[in-house]
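First comes the structure, then the notes that go with it.
The values are calculated or read from the model by the stated rules, or taken from the named source; none is laboratory data. Here the structure is a predicted model, which is why all the values come from computation and not from measurement. Keep in mind that these areas ignore ligands, DNA and RNA; they rest on the heavy atoms of the full protein, side chains included. Shrake-Rupley method; radii C 1.70, N 1.55, O 1.52, S 1.80 Å.
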Amino acid sequence: MAPRYYTVTWDQLHRDSKALAWRLLEKGPWRGIVAITRGGLIPAAIIARELDCRLIESVSIVTYDEEKRGQPQVAKPPVAAGDGDGWLIIDDLVDTGTTARVVRALLPKAHFATVYAKPAGKPTVDTFITEVSQDTWILFPWDTEPQFIAPIAKTVAK
């Protein structure tokens with residue numbers, strides 16, 4: 001079956017990230033935020049603003065070499081977060097949970113939150129906003145660009 005596509009605009013990402021911040025507010029206070037690069041950087045910035053959190057750390061996990069999926073490698077650990085006690089981990093999406101399991105092993109006491117979650121990865125996170133089907137490919141605004149599309153009337157053969 002062909003994958004489904006779900007396009008997320010900048011406005012929608014901001015609204016969904018802010019909704020996540022509302023959910024996380026009552027679970028705090030937070031000592032800091034760990035953004036999972038690269039997808040978690042923008043949601044983490046929005047959430048940090050909304051939660052008035054100034055301490056931001058990052059973690060980088062590499063799972064792809066070009067288009068080939070490999071074993072996850074920690075390219076940059078979140079040293080400042082210690083074992084994660086009092087810290088919030090933010091990512092844009094949990095898909096299979098592979099990255100989430102690696103980060104959880106590094107920060108076992110942290111609270112893990114994502115904006116979007118797929119069924120296979122959902123058990124690896126504590127909080128999320130929107131669930132999408134496993135076969136849905138999310139097109140994030142930093143991965144797409146607006147382009148001209150011809151009107152339907154011009155594309156239909158006469």
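Odds and ends about this structure:
- With θ taken as phi - 60° and the Karplus curve 6.51 cos²θ - 1.76 cosθ + 1.60 applied, the whole-hertz 3J(HN,Hα) list for segment 43-53 is x, 5, 5, 5, 5, 4, 5, 5, 8, 6, 9 Hz, x standing for glycine and proline.
- The largest accessible area among T7, T136 belongs to the first residue in T7, T136, and the rest follow in falling order (1.4 Å probe, all chains).
- From phi via Karplus (6.51, -1.76, 1.60), per-residue ³J(HN,Hα) for segment 22-28 in Hz, x at Gly/Pro: 4, 5, 7, 4, 6, 8, x
- Antiparallel DSSP beta bridges within the chain, percent to nearest 5: 20
- Calculated [θ] (222 nm, deg cm²/dmol) that DSSP helices of n ≥ 4 give over the chain, each run adding -39,500 (n - 2.57): -7000 deg cm²/dmol
- One decimal place: the segment T96-V79 gains 3.6 nm when fully extended, by the rule 0.36 nm per residue minus the C-alpha distance.
- Distances between placed amide hydrogens fall under 5 Å for V94 paired with Y116, A117, K118, all partners being 5 or more residues away or on another chain.
- Qualifying aspartates and glutamates (Cα of each under 12 Å from Cα of K109; at least 8 residues distant if same chain): D83, D85, D126
- Euclidean distance between Cα centres, segment 96-158 to segment 27-54, Å: 18
- Rounded to whole Hz, the Karplus (6.51, -1.76, 1.60) HN-Hα couplings of segment 75-80, x for glycine and proline: 8, 8, x, x, 4, 5
- Of all accessible heavy-atom area on the chain, the percent that carbon and sulfur account for (1.4 Å): 55
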